[in-house]
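Worksheet: the structure to be examined is printed underneath.
The values are calculated or read from the model by the stated rules, or taken from the named source; none is laboratory data. From a predicted model like this one, the values you see are computed outputs, not experimental measurements. Cβ placement follows ideal geometry from the backbone for every residue including glycine, while neighbour counts extend to all protein chains displayed. Please note that ligands, DNA and RNA were not included when accessible areas were found on the heavy atoms of the full protein model with its side chains. Shrake-Rupley method; radii C 1.70, N 1.55, O 1.52, S 1.80 Å.
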Amino acid sequence: MLFHLNPKPPFPLYLSTAVKFLWSSTTPVSSSLVKQCKSLTQAKLVHQQILVQSLTHAPTTFLIAAYISHNVPSYALSLLRRLSPSPYGVYWWNALIRCAVSRRQLVNSLHLFLQMLRLGWHPDHYTFPFVLKSCGELLSLRCGSALHAFICASGFDSNVFVCNALVSMYGRCGALDYAHHVFDEMFQGGMCDAVSWNSIVAVYIQRGHAERGIQLFGRMTEDFTIRVNAFSLVNVLFACASLGMLLRGKQVHGYAIRTGLFEDVFVGNAVVDMYAKCRMMEEAKKVFERMKVKDVVSWNAMVTAYSQIGNFEDALGLFEKMRKENVELNVVTWSAVIAGYAQRGHGYEALDVFRQMQSCSSKPNAVTLVSLLSGCASVGALLYGKETHCYVIKCVFGVDGNDLMVTNALIDMYSKCKSVNVARAMFDAIAPNDRNVVSWTVLIGGYAQHGEANGALELFSQMFQQVNYVRPNAFTISCALMACARLAALRFGRQIHAYVLRNQYELAFLFVDNCLVDMYSKSGDIGAARVVFDNMQQRNAVSWTSLMTGYGMHGCGHEALKVFDEMKKAGLVPDGVTFLVVLYACSHSGMVDLGLEYFNGMSKEFGITPGPDHYACIIDLLGRVGRLDEAKKLIEVIPMKPSPVIWVALLSGCRIHANVELGEYAASKLLELGSDNDGSYTLLSNIYAKAGHWKDVARIRSLMKHLGIKKKPGCSWVQGKESTATFFVGDRTHPESQKIYEILADLIQRVKALGYVPDTSFALHDVDDEEKGDLLSEHSEKLALAYGILTTSPGAPIRITKNLRVCGDCHTAFTYISMFIDHEIILRDSSRFHHFKEGSCSCRGYW
């Protein structure tokens, strides 16, 4: 057996010690006898004899003390109720109330206070601070205000201890004006002590008004009757750290040295934390090394700081040093290292540290598990995430009151590991009233990032329809805008933008503006994207890159390069991502020479080594203009093994220029790499179809079937007056299907009169040309266009989105149709935007 349980001895032996204790003295029950009680059993036996012997003058208060010391307040209360009110007896009421507060029985402490009053007892200045603390912890402003009135009526409003407790209570309840009013009355009455100042400073800092707290600390130091203590400095250093106020933090550090308070370990820890959070790690390290006394908090502050900035070598170095010096590794230490790895996307390293934590028998808390789940999410480690989920169910839920925080982390993990259905099930299992903004945001973000953009927007809409409305934060807004960008849902995106303007999100969060630029760019309104960009109060590299990407997608290569030049003039240094966008823009605008010039200048001028994606862009650039031999030669000299994306770029160029031989070569290389992308097989099939090699088309389709690779069906959607309509090839499910096909037949007839000839090479079936023409006329983008003409107001643009590249025949047909319809056709396919207007397309053939 793992556990050996000894049976209890017989009754007489079990109580022998207590009995001997009770009857070893022939003297009556006295206070000295009660004081000798070393267990609850002994206290009960003494109490029993008092009742049996009817001792009216027995030492009841000592029994009350014994019951309180043995954590049986109910027995103490039953004795206390029988006592007559007296000033001395108030001490025991205070002891009971204090016991309830320390055990987090806050409501019970208020009930005790009310019982005390009902029984005729008069509280003293020690009673009120305990009761006020309960009101503050319960966030009960109503109870706290009522107690304040009672305090004034009882004459305790001039007691400094009680007034200090009032300041703290109002602060905890968020009533800053009331807290400051009480403090002002104390100040004017000359009652303030160091605790009073510390209390009001702490109130402002804890309620998010750190600057005001620092100002009050300045006033405190000017009052020479007040002696600043360690608690004062810890408060204000925390405020400096939260605001990044390095200069003020240094001033407080100097003050601590001059007053000798720096020797206090709590002050030293606060100074280290302040420098660390202000990203001044050298200063933090110097302070840490000069501290004569360090505790685990000192070490944790440094380990956490190094982890958060991604300096894992120093973090782990300190971590190992703690082990060698036998410094206690508590849950904060382990959590700091795990969180540091998770935040930098090093999920497997976070898992390794967690295993070490378990081997040391250190028990993780909710913060540890949230960080671990974040690490699993960052690397898509679903299996490890599930194991963590099992641990949570067995050991965490219902233990420390952080169930919702852990549940939100689980939803985030499952979402990012593409198990969106599990994430949704966990979300639905949370009671609607218990969901907070994080619960909504992680699921909306999961939907938006993993191909469920419609689900993301539906869920975002539901947030506003709840009985208990949860206000979205900037992260929620960003996730919703990301979903709009994926769907090119311009109307929905504009509504979110209007909400952002009304609620002033853009004034506080740069990434909301960046998401707006991205949303407008990918929804076909590059002009609106530019307006948002121009009105941004601050910009970062993402802002510039998002706008450049937008211009590149719309075929505005020259504008993209102008933005690139403006970015450099603004002092931002281009990185690999920036150059990827520049090369993309050159490729989609046919600017071959410029693209090659920028590619060659990456390493020479900026020291950036081109990666596989940069080479793929250049291969794509050369392939689009037919320089396929040059593209093949470049692949042969690439200083790395060509990745699938490089061969796909070459294969795409072969499709455009019908180069069967080179296309087969690129496809064979993809097969060698084990690529199972349906797009690669489709490209090769298209090459064969365009060349009329129908046996090879059949062979490719047979191979795809054998490998279990399914071609993604073409799908197009278009914004109508009230909603978005979706179409597949030959779709006749729409209620207005008959009108759609009538309009489409009329359009085809009119463009044929203008010289349009169906390009049957895009009808990938071995049938006669007439039947191929019929198949082409039923492509999803043509059906979407007909519906757009049917429902869109004259002069308004028709916005169509397709999940695949636009068909070449449809591209030609749209160019002709744009000659005579009163609409600009804005088509977004999987590669770029096409703006058809007055018989031309913005792509100029580079698509």
Taking the 0 to 90 degree range and rounding to the nearest ten, how far is the long axis of helix 437-449 tilted relative to the main principal axis of the chain, both from C-alpha atoms? 20
Nearest-0.05 FRET efficiency for Asp124 and Leu572 at R0 = 60 Å, using Cβ-Cβ distance, is 0.35
For His657 the rounded accessible area (nearest 10 Å², probe 1.4 Å, non-protein molecules ignored) is 80
Rounded to the nearest 20 debye, dipole of region 424-550 from Cβ charges on Lys, Arg, Asp, Glu: 120
Taking all protein chains as present, what is the carbon and sulfur share of the accessible area of the chain, in % to the nearest whole number, probe 1.4 Å? 54
Tell me the per residue accessible area of the chain using a 1.4 Å probe; a whole number in Å² is fine. 49
Whichever aspartates and glutamates have a C-alpha closer than 19 Å to that of Lys324, once near sequence neighbours (fewer than 8 apart) are set aside: Glu289, Asp295, Glu313, Asp314
Separation in nanometres of the label points that stand 7 Å from Cα toward Cβ, at Arg732 and Leu117: 8.1
Express the relative contact order of the chain as a whole percentage, based on alpha carbon pairs under 8 Å and six or more residues apart in sequence. 4
Per-residue ellipticity at 222 nm attributable to helices in the chain (runs of n ≥ 4 DSSP H, -39500 (n - 2.57) apiece, nearest 500 deg cm²/dmol) works out to -20500 deg cm²/dmol
With eigenvalues of the C-alpha gyration tensor scaled by 5 and rooted, region 423-477, Å: 17, 13, 10
For the chain, whose charge dipole is built from +1 on Lys and Arg Cβ atoms and -1 on Asp and Glu Cβ atoms, the candidate among Leu490, Gly679, Asn164 with its Cα farthest towards the positive end is Asn164
Order by protection proxy (mean Cβ within 10 Å, highest first), peptides 158-171, 824-837: 158-171, 824-837
Calculate how steeply helix 281-290 sits against the longest principal axis of the alpha-carbon atoms of the chain, using the helix alpha-carbon long axis, and give the answer as 0 to 90 degrees to the nearest 10. 20
Accessible surface ranking that places the most exposed of Trp197, Trp694, Trp92 first, with a 1.4 angstrom probe: Trp694, Trp92, Trp197
The answer for Ile800, listing residues at least 5 apart or on another chain whose modeled amide H is closer than 5 Å to its amide H, is Ile826, Leu827, Arg828
Modelled FRET efficiency - R0 35 Å, Met640 with Val542, Cβ distances, 0.05 increments: 0.80
Summing Lys, Arg as +1 and Asp, Glu as -1, what charge do residues with Cβ under 15 Å from the Cβ of Val718 carry, Val718 excluded? +1
Show me 337-343, 101-107, 386-392 ranked by packing, highest mean number of other Cβ atoms within 10 Å first. 337-343, 386-392, 101-107
Summed residue charge, Cβ within 13 Å of Glu452's Cβ, Lys/Arg positive, Asp/Glu negative: +3
What do you get for the angle between helix 737-753 and the principal long axis of the chain? Use alpha-carbon atoms, 0 to 90 degrees, nearest ten. 40
Nitroxide proxy distance, nm - points 7 Å out along Cα→Cβ at Val757 and Lys562: 4.0
About its Cα centre, how strong a charge dipole does the chain have in debye, to the nearest 20, once Lys and Arg get +1 and Asp and Glu get -1 at the Cβ? 2860
Tell me the net charge near Phe312. Cut-off is 13 Å between Cβ atoms, Phe312 excluded, with +1 for each Lys or Arg and -1 for each Asp or Glu. -4
Taking a ≥ b ≥ c as the square roots of the Cα gyration tensor eigenvalues, with a/c under 1.5 meaning rounded and otherwise prolate when a/b beats b/c or oblate if not, region 511-569 comes out oblate
Measuring from label point to label point, each 7 Å out along Cα→Cβ, what is the Glu661 to Cys390 span in nm? 5.8
Sequence-distant aspartates and glutamates (8 or more away, or on other chains) whose Cα lies within less than 19 Å of Lys292: Glu263, Asp264, Asp273, Glu282, Glu283, Glu325, Glu328
Magnitude of the Cβ-charge dipole (Lys and Arg +1, Asp and Glu -1) of region 85-168 about the Cα centre, nearest 20 debye, reported as 260
Identify all lysines with a Cα-Cα distance to Lys632 below 21 Å; exclude those on the same chain that are fewer than 8 residues away in sequence. Lys641, Lys669
At 1.4 Å probe size, what's the solvent-accessible area of Arg732? Round to the nearest 10 Å². 140
Order by protection proxy (mean Cβ within 10 Å, highest first), peptides 302-308, 77-83: 302-308, 77-83
Tail beyond 48 Å, pair distance distribution of the chain (Cα, percent): 42
